[in-house]
Amino acid sequence: MKRTLVLCALEAIALSGCSRQGGEVLQLLPSPNGAYRAVALVCPKGANERSTVLKVVRAGEPTTCEAPSLQEETLTSSDPPRMAWMSNSLLVIDSRGAPTDRILLGEVSFAFAPWQVSAPSLDLSNIAGDPSARPTADAGEQPSKVPPVESVCRFPGLTLPSDFSVLAGGAYAGKESSVHIDQSGNTATTMTVLVDNPQKPVVLMLGAYEPTIWTIKRAAGTTLLAVLASGYHRQVVTGLDATTPVAIHTYDNKSPCGFFYVDKRNLEKLNPMAQRFFGRDVDKVYPAYNGVLTLSESPAPLSPWVGRGNAPVESYIEKTVPPSPEEELDEALRKGQLRRATLGDKKQWEAEMARVAPSRGLSPTEVQMRSLRANSSGTLDRAYVVLKPMTFPSRLYGSRSVVFFIPKGVERPRGNPGHSSVYDFNDMTCTGVGCM
């Protein structure tokens with residue numbers, strides 16, 4: 001569970017070792033969506049000097065001192081930086097000697113900040129147009145430098161024994177429900193947590209990105225000391241008696257301690273959070289499957305599961321919920337602001353791009369990168385043509401992203417397109433994740 005080992009394992013897979021010709025690799029972190037890799041390298045700087053260079057490259061491209069990069073910065077200190085991806089397009093860096101409260105904008109933005117990123121002087125809420133870009137206090141963790149535990153990042157009144165287990169588990173989401181429990185616009189998911197660890201008292205770290213209700217049950221003989229639940233959206237913990245302390249730290253509730261969710265690409269956040277709250281690293285991580293998380297080494301439970309029963313999802317329903325991105329798109333269709341795109345729109349874009357490519361010095365590969373890909377059936381899926389002034393629907397991220405064509409003479413929609421791809425005939429630019 002040591003983050004250094006995780007990084008070296010990633011580096012061994014990608015680059016065949018944690019050190020290579022062309023620069024010694026200090027750190028290698030993939031972005032949450034896997035599209036980029038952030039690498040810290042020790043590079044020659046003259047005959048007898050070396051410097052730490054921080055680069056971001058696209059996945060699959062070389063990570064050496066000489067290789068080109070999307071974003072690059074030479075740090076003033078030779079110490080490895082502390083860095084963390086705060087979104088798919090924002091990297092927060094903390095390094096001794098590096099200037100703080102400074103932002104480098106680009107396809108991937110760099111934000112230099114001290115450990116306490118929540119300082120008022122650093123407002124990154126609109127960086128790269130991504131609302132998930134606002135840093136939290138867990139930015140820049142590095143395994144060899146565990147920050148001091150703040151008074152707020154603990155369980156008041158909880159005294160831990162000398163020997164106990166820290167077990168973490170979860171997934172991006174649990175089992176889907178049909179209700180909302182927060183203002184994210186995403187339907188809630190549910191997790192059933194089964195804990196069987198009679199050998200030692202247990203503290204749990206439960207994490208899911210989506211709004212989730214966790215119902216905990218334990219095997220007889222298992223002692224639960226505390227539960228720390230986290231995620232991007234609202235988290236609810238049920239099934240415990242009143243004497244078991246619970247702490248909820250999420251992005252949405254602006255936790256000063258940071259947030260995490262359990263995913264194989266986000267394990268580096270677990271140990272720093274465990275150190276803050278419990279003074280030690282995580283012992284083991286358990287992935288959840290289909291809304292069930294079993295934290296047990298036994299092939300079967302030692303005894304029937306004990307719990308206070310399942311709290312109905314309906315008891316946490318949010319009464320007033322913003323429209324979903326799909327509902328906003330449907331409303332724009334009804335208002336005549338959008339129409340669904342056809343293969344004719346795709347062919348028109350490709351023909352116009354081929355026409356302007358020579359004057360812009362674009363290679364065939366670059367032209368291809370600006371072409372819209374049809375799905376396996378040869379048709380367009382979730383693609384729209386903008387007809388009138390409008391605002392991009394909110395929360396067009398991940399699987400909810402779409403494609404927009406903007407015809408010549410039509411105003412680009414206001415707001416944030418999220419992860420959506422925007423093909424603009426006015427200047428023949430393609431922006432968004434699908435244009436990379």
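The values are calculated or read from the model by the stated rules, or taken from the named source; none is laboratory data. In this text, all values refer to a predicted model and were calculated from it rather than measured experimentally. FYI the Cβ positions are ideal-geometry reconstructions off the backbone, even for glycines, and counts take in every protein chain you see. Quick note on the areas: whole protein, heavy atoms, side chains included, nothing else; ligands and nucleic acids left out. Shrake-Rupley method; radii C 1.70, N 1.55, O 1.52, S 1.80 Å.
Using θ = phi - 60° and the Karplus form 6.51 cos²θ - 1.76 cosθ + 1.60, what ³J(HN,Hα) does each residue of region 172-182 get, whole Hz, x for Gly and Pro?
4, 7, x, 7, 5, 10, 10, 10, 10, 10, 8
So with the 1.4 Å probe, I'd like the accessible area per residue for region 227-279, rounded to whole Å².
Per-residue value: 33 Å².
L293's amide H: which non-local residues (gap 5+, or another chain) put their own amide H closer than 5 Å, with H modeled 1.01 Å from N in plane and none for Pro or chain starts?
It is T192, V193, L194, by chain and number.
May I ask what percent, to the nearest 5, of DSSP beta bridges between residues of region 148-275 are antiparallel?
5
Taking θ = phi - 60°, what integer Hz values does the Karplus form 6.51 cos²θ - 1.76 cosθ + 1.60 yield along region 331-336, in sequence order, with x for Gly and Pro?
5, 5, 5, 5, 7, x
Which FRET efficiency, nearest 0.05, do Q348 and I317 yield, Cβ-Cβ r, R0 60 Å?
The formula returns an efficiency of 0.85 here.
Using only Cα atoms, locate the centre of region 152-222 and the centre of region 53-82, then give the distance between them in Å, rounded to an integer.
37
If packing is taken as the average count of other Cβ atoms within 10 Å, what order do 208-214, 169-175 fall into, highest mean first?
Output ranking for 208-214, 169-175: 208-214, 169-175.
Quick one: 3J(HN,Hα) in Hz for region 351-362, Karplus 6.51/-1.76/1.60 with θ = phi - 60°, rounded, Gly and Pro as x.
With the stated coefficients, region 351-362 comes to 5, 5, 5, 5, 5, 8, 4, x, 5, 9, x, 8 Hz.
Can you list the residues, at least 5 places off or on another chain, whose amide H is less than 5 Å from the amide H of S51, using H built in the peptide plane?
Amide H to amide H, under 5 Å and 5 or more residues apart or across chains, S51 pairs with C43, K45.
Give me the net charge for the shell around S324: Cβ to Cβ below 12 angstrom, other residues only, Lys and Arg +1, Asp and Glu -1.
In short, -3.
Taking a threshold of 27 Å on the Cα-Cα distance, which of the pairs K175/K269; K175/K388; K335/K408; K200/K254 fall above it?
Over 27 Å apart, Cα to Cα: K175/K388; K200/K254.
Ranking request for peptides 231-237, 64-70: highest mean number of other beta-carbon atoms within 10 Å first, then the rest in descending order.
Descending packing order for the listed peptides: 231-237, 64-70.
Could you tally the net charge around Q235, taking each other residue with its Cβ under 10 Å from the Cβ of Q235, Lys/Arg +1 and Asp/Glu -1?
Here the count lands on -2.
Sort R340, R58, R334 from largest to smallest accessible area, using a 1.4 Å probe on the heavy atoms of the protein chains.
The ranking, largest first, comes out as R334, R340, R58.
What FRET efficiency comes out for the pair T429/A220, r = Cβ-Cβ distance, R0 = 45 Å, nearest 0.05?
For T429 and A220, the calculated efficiency is 0.10.
Name the residues whose placed amide hydrogens come within less than 5 Å of the amide hydrogen of T223, ignoring near sequence neighbours (fewer than 5 apart) on the same chain.
Excluding prolines and chain starts, which carry no amide H, the hits are V202.
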